[in-house]
Amino acid sequence: MKDIPAFPRPYSGTSQFAQEGMGLRDYFAAKAMQGMLSENSGIRYPTDELVDFAYKVADAMMKAREA
């Protein structure tokens, strides 16, 4: 699966983007992690589990975009 820029800034020169910004996969993972950290259930996630799960969610979202 190809990671694409989440917030590219157009460039009129030779490259496609003047600034590629954050990758879409990282953006999806950050949003998933934000949701997990903001829930009020009182459950605390170990950091490594939080990150792993956030990227699993991001990968599923990237895969869904290809469909």
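Results, tabulated for the structure shown:
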{"quantity": "Unmet requirement for Arg9, which otherwise passes all of (1) under 16 Å from the mean Cα position of the chain (by Cα); (2) of a type in the set (Lys, Arg); (3) at pLDDT below 75", "calculated": "(1)"}
{"quantity": "Residues being more than 12 Å from the chain's Cα centre (by Cα) and surrounded by 10 or more Cβ atoms within 10 Å (Cβ to Cβ) - total across the stretch 23-38", "calculated": "3"}
{"quantity": "All positions within the stretch 26-67 that are farther than 14 Å from Asp3 by Cα and among the aromatic types (Phe, Trp, Tyr)", "calculated": "Tyr45, Phe53"}
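The values are calculated or read from the model by the stated rules, or taken from the named source; none is laboratory data. Since the structure is predicted, the reported quantities are computational estimates derived from the model, not experimental observations. Cβ atoms come from the backbone with ideal geometry, glycine included; neighbour counts cover every protein chain shown.
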